[in-house]
Amino acid sequence: MSDLWKENGSFLFGTCDMFETYGIKLTERSIPQDVLMPGLRARKQTIPMRHGAYDYGAHYYDERAIVIECVTKKMISRDQSREIAYMLARKSEIRFWTEPEKYYIGRVYEAPTLEQLRNVGNRFTLTFICEPFAYRNNVTAAFVNRVYSPNYDGTAPTPTQIIITNTSATTSIRNITIVQTIKKESL
C-alpha cells in the first residue's frame, strides 16, 4: 500500500487511500477538527423535593464527531461521488495524515454538499461520527524472563485482546497467569 495519503494531506478510510483513488485531500487550512474529549454520558436522577440531582457517576463516553474539509484535485463524476458516498457510509478505520499511527472507527451519516470549484475540482465537508477513542496498531512483544509487560500509553480503559503464540518448536506453554493492574484514578 502506498503512502500517497500521508504525503498529500489526505486520509485512509479502511484500506482505501482517498488521495490515490479519488484525488481527495484536506484543504490547506484544514486539519481534522476534533474535540478535546468526547462528552461523558451523564447518569443523574432528579428527586422530587430535593435540590439538584443525584449523580450516579459518569463512567462512559459518547461518540465523537471529527470534521474535515476536503478538496479534490479534479472534478469527480456522479458515479465517483456515489461510490465515495457508499464507501463512507460503512463503518471503518479512519487514519489522518496528521497522526498516521492512530486511527478512529466511524462513518459519515449526513450527506455532504458537493461544491464545484471553477470546473477544476470539488469541495465538501465530511463529518465522521466515531467511537470515543483513538486506537493504534497492535503491539507485539516478547516474554522476558517469563514476564510480559506491555507498554500501554492509553488514557482510558478499553477492551484488550491478548494473543499468546508459541514460536518455539521445543518448549510448551503451561501454567499461564494473567494479572491485570489497574491505575487508581486521582480525585
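Readers should treat all values here as calculations from the given coordinates under stated rules, not as data from a laboratory. Because the structure is predicted, anything quoted here is derived from the model rather than measured. Cβ: placed from backbone, ideal geometry, glycine included. Neighbour counts: every protein chain shown.
Expected output is a single nm value to one decimal: the length gained when fully extending between ARG136 and ALA53, i.e. 0.36 nm times separation in residues minus the C-alpha distance. What is it? Each step should come with its number before you reach the end.
Numbers: separation 83, 0.36 × 83 = 29.88 nm, distance 3.80 nm.
Difference between extended and current length: 26.1 nm.
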Query raised in the report: Given charges of +1 on the Cβ of Lys and Arg and -1 on the Cβ of Asp and Glu, with all other atoms neutral, how large is the dipole of segment 1-128 about its Cα centre, in debye to the nearest 20?
Result: 380 debye
Query raised in the report: Roughly speaking, what is the stretch gain from VAL35 to ILE105, that is 0.36 nm per residue apart minus the C-alpha to C-alpha distance, in nm to one decimal?
Result: 23.7 nm
Query - Ordering of 8-19, 125-136, 81-92, 43-54 by packing [mean C-beta count within 10 Å, highest first] - result: 8-19, 125-136, 81-92, 43-54
Query raised in the report: Stretched out fully, how many nm does the piece from GLN45 to GLU20 gain, at 0.36 nm a residue minus the Cα gap?
Result: 3.9 nm
Query raised in the report: How many nm is it between the label spots at GLN161 and ARG90, if each spot is 7 Å from the Cα in line with the beta carbon?
Result: 1.8 nm
Query - Residues in segment 24-52 reached by a label modelled at LEU114 [backbone nitrogen below 15 Å; 7 Å Cα→Cβ] - result: 24-25
Query raised in the report: Quick one: if you stick a label point 7 Å off each Cα along the C-beta vector at ARG123 and TYR61, how many nm between them?
Result: 3.1 nm
